[in-house]
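Student: There's a structure below that I have some questions on.
Throughout, read-outs are computed from the coordinates displayed, never taken from laboratory work. Worth saying up front: this structure is predicted, and the values here are computed from it rather than measured. When we count neighbours, we look across all protein chains shown, and the Cβ atoms used for this are built from the backbone with ideal geometry, even at glycine.
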Ligand SMILES: Nc1ncnc2c1ncn2[C@@H]1O[C@H](COP(=O)(O)OP(=O)(O)OP(=O)(O)O)[C@@H](O)[C@H]1O
Ligand SMILES: [Mg+2]
């Protein structure tokens, strides 16, 4: 079909968020206050059956995430962070307890409705990118549109894809396949794909886990910007205090429970020192 207007030519109304010519972020001033709960966990437990042994990965986790808030989940390996993130995003179901995502109780939904809710409301960034090797950058980012049956080369879909490619600074790389990109670029593709449907919540599991320091820092800056400038709600799983220092609030997960909560507030410097000091005080 060639009817209708082609919206794809230079329609982005927002300035590219990561272009070198962008003005610097304001260092002072009023920042939007997160408001209202968008995601809630109520007494979540998760028991995995491993051979003839039970593993209690979560032992009763309750938390609330406010709209527009950036929350980091920190904790040692095996403490239950990924399990919790998967439950929060509706990728898996709890053994008991409830997840309320933007007003809907996921556990009360059918599998079909839970999948619909997940696709509509969440974007996921996995530790190991999960890009499709045979698709190029554009097609990988466009995948959620393709799955939804929308032509990603036309209209608003194309405009939105261009916008997120600008956000993660990948304009000009659209035709590259994942194996023709650096690790950091691949992770930026994964981030663009997670954000393309404008999800209410972005859930990211160690998105900088296997990137070098500088590239990881770029990804974190993109995440922080999408939160601070676009009001994106983010839940980030990380081992790394430097990554967690980008968050407004850090929840410390230990042995299947939330052990501590550290309120950092929205800061422009993202200095990790206060968080590291606080973790040291807690003996972590
Ligand atoms: N599919 C599964 N089947 C059985 N046990 C599992 C499964 N997934 C996770 N576990 C167990 O649940 C516990 C929590 O795992 P989880 O992956 O949530 O930890 P994590 O905090 O994300 O760790 P890491 O930092 O190493 O990624 C671990 O003891 C793990 O072995
Ligand atoms: Mg994990």
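Student: Rounded to the nearest 5, what is the percent of antiparallel bridges among the DSSP beta bridges in the chain?
Tutor: 55 percent
Student: How long are the semi-axes of the ellipsoid equivalent to the stretch 183-276, from square roots of 5 times the Cα gyration tensor eigenvalues, in whole Å, largest first?
Tutor: Result for the stretch 183-276: semi-axes of 20, 15, 14 Å.
Student: Pairs of Cα atoms under 8 Å, at least six residues apart: use those to get the relative contact order of the chain, whole percent.
Tutor: 25 percent
Student: Something else: Taking the highest mean first, how do the peptides 266-276, 70-80 order by number of other beta carbon atoms within 10 angstrom per residue?
Tutor: Sorting 266-276, 70-80 by mean packing, highest first, produces 70-80, 266-276.
Student: Right, another one. What is the extension gain from residue 55 to residue 159, computed as 0.36 nm multiplied by their sequence separation minus the C-alpha to C-alpha distance, in nm to one decimal?
Tutor: 32.9 nm
Student: Mind pulling the angle between the C-alpha long axis of helix 137-147 and the longest principal axis of the chain? Nearest 10 degrees, somewhere in 0 to 90.
Tutor: The angle comes out at about 70 degrees.
Student: Do you know the relative contact order of the stretch 111-265, to the nearest whole percent, from alpha carbon pairs under 8 angstrom that are 6+ apart?
Tutor: Dividing the mean separation by the residue count of the stretch 111-265 yields 25 percent.
Student: Further question on the same structure: How far is helix 155-167 tilted off the main Cα axis of the chain, in degrees rounded to 10, range 0 to 90?
Tutor: 60 degrees
Student: Based on a Kirkwood Rh over C-alpha pairs, give the Stokes-Einstein translational diffusion coefficient of the chain at 25 °C and viscosity 0.890 mPa s in µm²/s.
Tutor: 125 µm²/s
Student: Measuring from label point to label point, each 7 Å out along Cα→Cβ, what is the residue 273 to residue 214 span in nm?
Tutor: Once both label points are built, they end up 2.4 nm from each other.
Student: So, R0 is 22 Å and r is the distance between the beta-carbons of residue 198 and residue 132; what FRET efficiency does that work out to, to 0.05?
Tutor: The calculated FRET efficiency here is 0.55.
Student: Quickly rank 239-251, 46-58 as a protection proxy: mean count of other C-beta atoms within 10 Å, highest first.
Tutor: 239-251, 46-58
Student: Hey, another quick one. Using a Förster radius of 25 Å, what is the FRET efficiency between residue 93 and residue 151 based on their Cβ-Cβ separation? Nearest 0.05, please.
Tutor: That gives a FRET efficiency of 0.15.
Student: Taking the chain as the reference, fit the longest principal axis to its C-alpha atoms, fit the long axis of helix 111-121 to the helix C-alpha atoms, and give the angle between the two in degrees, 0 to 90, nearest 10.
Tutor: 70 degrees
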